[in-house]
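Quick notes on the structure that follows.
The values are calculated or read from the model by the stated rules, or taken from the named source; none is laboratory data. Note that the structure is a prediction, hence the values are computed from the model and not measured. Here Cβ is always computed from backbone atoms with ideal geometry, including for glycine, and neighbour counts include all displayed protein chains. We work out accessible area using only protein heavy atoms, side chains counted, and drop any ligands, DNA or RNA first. Shrake-Rupley method; radii C 1.70, N 1.55, O 1.52, S 1.80 Å.
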Amino acid sequence: KGTPTANGDVCDCACNTGYEGDKCETEMRTKFVGTYAYHESCTSGTDTYTVSVSTSSSSITEVSINNIYNTGIIVKGTVSGTGLTIASQPFGNGTISGSGSISGNTLTLSYSVSLGAATDACSGSGTK
């Protein structure tokens with residue numbers, strides 16, 4: 001990306017999966033990593049707490065989200081650009097799925113927690 005070729009053209013090459021930047025030197029997930037003062041509104045009510053996001057050793061595009069839904073449970077998310085996908089996964093005695101994004105130091109998440117027939121839909125944001 002951005003590097004002149006032998007004939008003077010500028011290469012507009014795609015970075016390897018999980019990387020971005022002029023020289024593809026930055027992991028996409030890096031911008032998500034941090035601790036956030038998080039406030040959410042759910043079907044069941046509102047809450048304010050701390051959420052932390054860290055890199056995962058499973059994949060270059062994966063992050064671990066700790067304390068989502070103020071439970072202390074860690075869920076996995078997959079990063080693409082400024083977007084985040086929380087694929088359906090076990091969550092305590094139920095499941096969780098959702099999505100999110102990062103803009104500057106603000107993390108925004110929308111997700112659903114299902115326990116049996118009950119579902120709690122949540123959305124919120126937090127600042128590093």
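I'm checking my understanding of the structure. Among residues of region 1-53 that are over 20 Å from residue 102 (Cβ atoms), modelled with pLDDT under 95 and of a type in the set (A, V, I, L, M, F, W, C), which one is least open to solvent (accessible area, probe 1.4 Å)? Break it down into steps so the answer makes sense when it comes.
First, pick out the residues of region 1-53 that are over 20 Å from residue 102 (Cβ atoms): 1-14, 16, 23, 42-47.
From what is left, the residues that are modelled with pLDDT under 95 are 1-14, 16, 23.
Checking the rest, the ones that are also of a type in the set (A, V, I, L, M, F, W, C) come to 6, 10-11, 13-14.
Details: 6: 117, 10: 100, 11: 28, 13: 63, 14: 93 Å².
For region 1-53, the residue satisfying everything is 11.
Scan region 109-127 for residues that are over 15 Å from the mean Cα position of the chain (by Cα) and of a type in the set (Phe, Trp, Tyr) and jot them down.
Result: no residue meets the conditions.
In region 69-128, how many residues are in contact (Cβ under 8 Å) with a residue 60 or more places away in the chain, open to solvent by less than 60 Å² (accessible area, probe 1.4 Å) and of a type in the set (S, T, N, Q)?
Residues meeting the conditions: 2.
Looking only at region 73-117, which residues are at pLDDT below 95 and under 22 Å from residue 48 (Cα atoms)?
Matches in region 73-117: 92, 115.
Checking residue 58 against (1) more than 23 Å from residue 114 (Cβ to Cβ); (2) open to solvent by less than 80 Å² (accessible area, probe 1.4 Å), which test does it fail?
(2)
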